[in-house]
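Participant: Sharing a structure, written as structure tokens. Questions coming.
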Amino acid sequence: MFSKVIRKKVFADSEEGYFSYIELEGLDKSEPLVFFHATGLNCETYLDLLEKIYLMLDSKKTIIALDQRGHGKTTLAADPDRLKSWDQYAVDADVFLRTMNISSAIFFGHSMGSIVASEVIKRGDFKVSHLIMLDPVLFYDPYTAIFSEIKNKFILLRSNDKVVGAAKRRDKFESFEQATMHYEGRSMFKTWPLESLKNYLAGGLSEEDSGLKLSCSPTWESKTFETVSFNTYRTLNCLNLPTLILRAEHFSTFSSKGMKYLSKKNNFEVIEVEGSHFFPIENSKKTSNLIQKFISQTND
């Protein structure tokens, strides 16, 4: 692990358990970059990207990456039956930021994480100067949202590949090596660098009995996919800050029509990046370059 990366935790006042997060401490702590990961992953998965951004910003900015509820090393209760929408993650983010005494920040997130970040901004309780959304699960207008929600409900009746796949994911292993061998080159991990897969497992496996278990349970991951937010177009209308959206060239969760639509808005910059939905992991160099450029230009 990069020597500047420190694993920390902070307890939530309202319930048992704690938020776990990693921090790359910069010279300036007044406006940290706060990162929110995608469904089923954890903050350590993105270490390569976070380290590159940190170095490209000349170690001046502090970066904080949170393990969200039910993911990674965070120990807050994660009961799938109580998860009704992604609003839960936004509420958690609000609690985390307040507990950390963070009032001013730059937000960035991947997939579900970028939606959580935008929802926190919409609530208006924090001063956020920039938002960076990495292949967000974004429905850009009410018509797209309504159609997608109806389609999703129909698919759920028949079985949604992501929901079913997550629910069936193997989550118990005898050793770290066995887990690595099981996932390497398989399914969504097929295009990942081996080091990123190992980071994902290091941040996502916990000891149980005589073996290891994924801390993000298959049922929690499945329920998160199932409760996707469709009202993101309302959140978009509330975003008046400089916003960068990076869209995956292949298998994106953000449509090409949405890309064209938002490119016309003054405060949005939309760029397509080579790679799949996991380009922040597959193509961390290009991703970090674009993020650094965006932050530096809009700060001038």
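The values are calculated or read from the model by the stated rules, or taken from the named source; none is laboratory data. On a predicted model such as this, the values are computed, not experimentally measured, just so you know. Please note: Cβ atoms are built from the backbone with ideal geometry, for glycine as well, and neighbour counts cover all protein chains shown.
Residue-by-condition table, conditions (1) modelled with pLDDT under 95; (2) surrounded by fewer than 22 Cβ atoms within 10 Å (Cβ to Cβ); (3) of a type outside the set (A, V, I, L, M):
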position	(1), (2), (3)
Asp94	no, yes, yes
Ser104	no, yes, yes
Gly109	no, no, yes
Met112	no, no, no
Val116	no, no, no
Arg123	yes, yes, yes
Ala145	yes, yes, no
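Participant: Quick check: anything in segment 202-221 closer than 30 Å to Lys60 by Cα, assigned to a helix (DSSP H, G or I), out of contact with any Lys or Arg (no Cβ under 8 Å at 6 or more places or on another chain) and not β-branched (Val, Ile, Thr)?
Facilitator: yes
Participant: Here's a check for you: in segment 216-239, which residue that is within 16 Å of the chain's Cα centre (by Cα) and over 30 Å from Phe173 (Cα atoms) is modelled with the highest pLDDT?
Facilitator: Filtering segment 216-239 for residues that are within 16 Å of the chain's Cα centre (by Cα) and over 30 Å from Phe173 (Cα atoms), the one modelled with the highest pLDDT comes out as Thr232.
Participant: Based on this model, can you work out whether Thr74 counts as under 22 Å from Glu208 (Cβ atoms) and in a loop (DSSP other than H, G, I, E, B)?
Facilitator: yes
Participant: Here is a check on your reading of the model: is Ser252 under 30 Å from Arg169 (Cα atoms), touching a strand residue (DSSP E or B) at 6+ places or on another chain (Cβ under 7 Å), of a type in the set (Gly, Ala, Ser) and surrounded by 21 or more Cβ atoms within 10 Å (Cβ to Cβ)? Lay out the reasoning, then the answer.
Facilitator: Values: under 30 Å from Arg169 (Cα atoms): yes; touching a strand residue (DSSP E or B) at 6+ places or on another chain (Cβ under 7 Å): no; of a type in the set (Gly, Ala, Ser): yes; surrounded by 21 or more Cβ atoms within 10 Å (Cβ to Cβ): yes.
It is false that Ser252 is under 30 Å from Arg169 (Cα atoms), touching a strand residue (DSSP E or B) at 6+ places or on another chain (Cβ under 7 Å), of a type in the set (Gly, Ala, Ser) and surrounded by 21 or more Cβ atoms within 10 Å (Cβ to Cβ).
Participant: Picking from Tyr89, Tyr54, which residue would you name as being modelled with pLDDT of 95 or more, buried (at least 19 other Cβ atoms within 10 Å of the Cβ) and either over 20 Å from Val137 (Cβ atoms) or touching an Asp or Glu at 6+ places or on another chain (Cβ under 7 Å) (or both)?
Facilitator: It is Tyr54.
Participant: Among Gly72, Gly17, which is the only one that is at positive phi, surrounded by fewer than 23 Cβ atoms within 10 Å (Cβ to Cβ) and modelled with pLDDT of 95 or more?
Facilitator: Gly17
Participant: Just to be sure I understand the filter: pairs with C-beta atoms under 6 Å, separated by 6 or more residues or on different chains, first member in segment 263-289 and assigned to a helix (DSSP H, G or I), second member hydroxyl-bearing (Ser, Thr, Tyr). Which pairs pass?
Facilitator: Pro280/Thr287; Ile281/Ser196; Glu282/Thr191
Every residue, every condition in (1) closer than 26 Å to Asp87 by Cα; (2) crowded, with 16+ Cβ neighbours inside 10 Å, yes or no:
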residue: Lys190; (1), (2): no, no
residue: Pro193; (1), (2): no, no
residue: Leu197; (1), (2): no, yes
residue: Tyr200; (1), (2): yes, yes
residue: Glu207; (1), (2): no, no
residue: Leu214; (1), (2): yes, yes
residue: Phe225; (1), (2): yes, yes
residue: Val228; (1), (2): yes, yes
residue: Thr235; (1), (2): yes, yes
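Participant: OK, next. For segment 262-271: of the residues being surrounded by fewer than 17 Cβ atoms within 10 Å (Cβ to Cβ) and touching a strand residue (DSSP E or B) at 6+ places or on another chain (Cβ under 9 Å), which is modelled with the highest pLDDT?
Facilitator: Once the filter is applied, the top-ranked residue is Ile271.
Participant: I'd like the full set of residues that are assigned to a helix (DSSP H, G or I) and closer than 24 Å to Ser288 by Cβ, limited to segment 115-138.
Facilitator: Just the residues of segment 115-138 that are assigned to a helix (DSSP H, G or I), to begin with: 115-123.
Within segment 115-138, Ile115, Val116, Ala117, Ser118, Val120, Ile121 qualify.
Participant: Right, something else. Could you grab the pairs with beta carbons closer than 9 Å, sequence gap of 6+ or different chains, first residue in segment 46-69 and on the phi > 0 side of the Ramachandran plot, second one among the aliphatic types (A, V, I, L, M)?
Facilitator: From segment 46-69, the pairs are Asp58/Leu27; Ser59/Leu24; Ser59/Leu27.
Participant: Out of (1) in contact (Cβ under 8 Å) with a residue 60 or more places away in the chain; (2) over 15 Å from Ser288 (Cβ atoms); (3) part of a strand (DSSP E or B), what's the single condition that is false for Phe35?
Facilitator: Exception for Phe35: condition (2).
Participant: Only residues that are outside any loop (DSSP other than H, G, I, E, B) and of a type in the set (Phe, Trp, Tyr): list them for segment 81-101, please.
Facilitator: Scanning segment 81-101 gives Tyr89, Phe96.
Participant: Here's a follow-up. Taking segment 163-214, which residues are of a type in the set (A, V, I, L, M), modelled with pLDDT under 95 and more than 19 Å from the chain's Cα centre (by Cα)?
Facilitator: Val164, Ala167
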